[in-house]
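Engineer: Once you've had a glance at the structure underneath, I'll fire off some questions.
Bear in mind these aren't lab numbers, they're just calculated from the coordinates by the rules spelled out. Predicted model only: the values in this text are computed from it and were never measured. Positions of Cβ are generated from backbone atoms using ideal geometry, with glycine treated the same way; all protein chains shown enter the neighbour counts.
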Amino acid sequence: MTVDLVLRSRRTVLPDGERPAAVAVGGGRIVAVTDYREQVPATVDTDLGDVALLPGLVDTHVHVNEPGRTEWEGFATATLAAAAGGVTTIVDMPLNSLPPTVDAAALAVKQQAATGRCHVDVGFWGGAVPGNAPALPDLYAAGVFGFKAFLADSGVPEFPPLDAGQLAAAFAAVPALFVIHAEQPDQLHTAVSSTRYRDFLASRPPAAEVDAVTSAIDVARRGNARIHILHLSAAGALPVLAAARRAGLPVSAETCPHYLTLSAEEIPDGATEFKCCPPIRDRANQDALWAALADGTISCVVSDHSPCLPALKTPDTGDFSTAWGGIASVQMGLPAVWTEARRRGFGLGDVVRWMAEGPADLVGLADKGRIVVGAQADLVAFDPTPSYHVDPGRLRQRHPVSPYNGRRLTGIVRATWLRGAPITPDAPRGRLITRGTDDR
Ligand SMILES: [Zn+2]
């Protein structure tokens with residue numbers, strides 16, 4: 001039997017570790033994982049040598065903004081950026097696009113907008129907002145992977161936050177995974193107008209996250225809900241999470257490349273490209289986040305790619321209170337995290353566990369995020385050694401505004417395959433995926 005493709009690498013990252021191997025692909029799936037030098041009749045046989053072969057990353061936290069705010073970002077540009085960053089599956093957040101994905105009709109509008117434009121596979125989150133609990137079962141049946149809820153202001157008026165009672169009502173409406181933006185509004189002081197980063201940081205203190213994580217876990221425990229804490233920044237919330245997990249509660253957490261690789265100490269005043277919510281905190285906090293990845297308290301690293309117009313992101317005033325809170329980094333996550341992971345003594349297998357396997361497991365995509373026989377042949381050639389300065393001209397997102405611009409990173413994506421075929425800018429082959437999708 002001749003297979004479609006064989007990719008060989010001396011650094012193939014498999015679930016049980018990194019080793020020389022050959023990966024054979026047929027019909028878009030991995031059909032064999034063999035010795036590096038094994039002869040397998042194949043239409044295309046590529047030896048990557050010391051360039052690592054990874055499973056395509058799964059980024060479950062991306063804001064595409066189309067339709068409605070397509071001038072901020074759209075499916076074509078976001079998914080091209082994803083592919084260039086080694087990400088082969090994204091799950092789109094329910095807000096910032098218009099309409100927000102808060103009922104089945106809005107999901108249909110978004111799927112229509114995405115059709116034919118995606119270079120990687122795209123799934124969708126639904127949104128839980130005040131009053132839409134009755135709409136959640138139908139939206140879930142339509143295939144969203146779960147529901148996002150905010151406990152504090154979301155940044156856009158059409159997606160208001162839930163209080164504890166509304167959150168309980170959402171949990172009661174549907175037995176789904178709920179993903180929570182955990183900042184407690186009464187601990188935030190967001191009206192403070194300032195160009196100084198330390199004022200912005202002080203306006204969103206760690207206590208806001210600790211209180212919100214505590215309260216979300218409490219409401220989830222009483223409602224038997226499965227929750228996931230989004231973009232955890234404050235290390236102070238880690239003991240709360242760890243205790244909940246030790247008690248057997250179904251709660252997990254993610255963090256983002258910017259919390260792991262950038263620190264408050266280095267952010268210049270007026271540099272609003274670094275603004276995100278919750279904020280990037282200090283180095284000691286960052287060390288604790290890495291420790292939580294190492295011990296499994298945090299299981300996923302995802303981008304929270306959240307672009308907007310350059311004038312909103314970096315206003316001339318340099319005022320942190322009015323700049324958009326979001327960092328667009330779906331393309332930069334892998335090299336950013338690898339650069340720091342390597343410095344701290346972690347391996348590519350760790351990075352794959354956090355950025356591919358963990359997020360795939362979070363949303364139940366058992367046949368993505370790992371190199372095993374039967375999985376979809378979503379694969380990445382990642383050269384882990386070259387160092388370079390990030391060139392905004394190479395960013396594929398709609399607007400190349402990024403705190404990583406000019407930063408020195410190590411590791412670069414050389415090629416990305418979706419279901420065994422290379423991703424190329426001219427032919428979008430990404431599928432729209434739904435919860436429970438398995439096309440075998
Ligand atoms: Zn987000």
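Engineer: Over the alpha-carbon set of the stretch 258-362, work out the extent along each principal axis and list the three values in angstrom, largest first.
Structural biologist: For the stretch 258-362, the Cα spread along each principal axis is 42, 28, 21 Å.
Engineer: Okay, moving on. Using the Kirkwood formula over every pair of different C-alpha atoms, what hydrodynamic radius in Å results for the stretch 138-180? Please list the in-between numbers first.
Structural biologist: Working: mean 1/r = 0.0900 Å⁻¹.
For the stretch 138-180, the Kirkwood estimate is 11.1 Å.
Engineer: Here's something else I'd like to know. By how many degrees, 0 to 90 and rounded to 10, does the Cα axis of helix 104-114 deviate from the longest principal axis of the chain?
Structural biologist: Helix 104-114 sits roughly 50 degrees off the main axis of the chain.
Engineer: Still on this structure, I have one more. Whose amide H sits under 5 Å from the amide H of Phe124, counting only residues 5 or more places off or on another chain, with H placed in the peptide plane?
Structural biologist: Amide H neighbours of Phe124, under 5 Å, 5+ apart: Asp92, Phe145.
Engineer: Kindly provide the trypsin sites (Lys or Arg not before Pro) of the stretch 297-364 that DSSP labels as loop, not H, G, I, E or B, and whose Cβ sees at most 14 other Cβ atoms within 10 Å.
Structural biologist: On the way: sites: Lys313, Arg342, Arg343, Arg344, Arg353; in loops: Arg344.
When the trypsin sites (Lys or Arg not before Pro) of the stretch 297-364 are filtered for loop state and at most 14 Cβ neighbours within 10 Å, Arg344 remain.
Engineer: Want the number for Thr115 to Arg226: 0.36 nm per residue separation, take away the alpha-carbon distance, what's left?
Structural biologist: 36.9 nm
Engineer: Just to verify a number: FRET efficiency for Val156 and Thr385, C-beta to C-beta distance, R0 = 45 Å, to 0.05? Before the final figure, lay out the partial values.
Structural biologist: Working: r = 41 Å, r/R0 = 0.92.
So, using R0 = 45 Å, E works out to roughly 0.65.
Engineer: For the pair Arg431 and Thr34, what calculated FRET efficiency results from E = 1/(1 + (r/R0)^6), where r is the Cβ-Cβ distance and R0 = 25 Å, to the nearest 0.05? Walk me through the numbers on the way to the answer.
Structural biologist: Details: r = 28 Å, r/R0 = 1.11.
Computed FRET efficiency for Thr34 and Arg431: 0.35.
Engineer: So what's the back-of-envelope 222 nm ellipticity for the chain, counting only DSSP H runs of four-plus at -39500 (n - 2.57) apiece and dividing by all residues, rounded to 500? Let's see the in-between values first.
Structural biologist: Details: 13 runs with 114 residues, N = 440.
So the helix-based figure for the chain works out to -7000 deg cm²/dmol.
Engineer: While we're on this one: Give the long-range amide H neighbours of Val3: residues separated by 5 or more places, or on another chain, with amide H under 5 Å away, using H modelled in the peptide plane at 1.01 Å from N.
Structural biologist: Ala42, Thr43
Engineer: Under 37 °C and 0.692 mPa s, how fast does the stretch 294-440 diffuse according to Stokes-Einstein, given a Kirkwood radius computed over C-alpha pairs? Answer in µm²/s, whole number.
Structural biologist: Translational diffusion coefficient: 190 µm²/s.
Engineer: If each residue of separation counts as 0.36 nm, what is the full-extension length gain between Thr424 and Arg343 once their alpha-carbon separation is subtracted? Don't jump to the answer; show the numbers that get you there.
Structural biologist: Details: separation 81, 0.36 × 81 = 29.16 nm, distance 3.21 nm.
Between Thr424 and Arg343, full extension yields an extra 25.9 nm.
Engineer: For the stretch 56-362, compute Rg over Rh where Rg is the Cα radius of gyration and Rh is the Kirkwood radius from the inverse mean 1/r over Cα pairs.
Structural biologist: Values: Rg = 17.8 Å, Rh = 19.2 Å.
Radius of gyration relative to Kirkwood radius: 0.93.
Engineer: Name the lysines eligible as straight-distance cross-link partners of Lys110: C-alpha to C-alpha under 17 Å, and not fewer than 8 places from it in the same chain.
Structural biologist: Lys148
Engineer: Listing Thr195, Thr272 from the residue with the fewest other Cβ atoms within 10 Å to the one with the most, what is the order?
Structural biologist: Numbers: Thr195 17, Thr272 25.
Ranking Thr195, Thr272 by Cβ neighbours within 10 Å, fewest first, gives Thr195, Thr272.
Engineer: Sticking with this structure for a sec: Multiplying the sequence separation of Ala271 and Ala288 by 0.36 nm and subtracting their Cα-Cα distance, what value in nm do you get? The partial results should precede the final answer.
Structural biologist: Working: separation 17, 0.36 × 17 = 6.12 nm, distance 2.47 nm.
Contour length minus the Cα-Cα distance gives 3.6 nm.
Engineer: Using only the alpha-carbon atoms, how far is helix 283-295 inclined from the longest principal axis of the chain? Give it as 0 to 90 degrees, nearest 10.
Structural biologist: Computed tilt is about 50 degrees.
Engineer: Could you pull out which residues in the stretch 243-284 have an amide N less than 20 Å from a spot 7 Å beyond the Cα of Arg198, following the Cα-Cβ vector?
Structural biologist: Residues 262-276, 279-284 qualify, since their backbone N sits under 20 Å from the label point.
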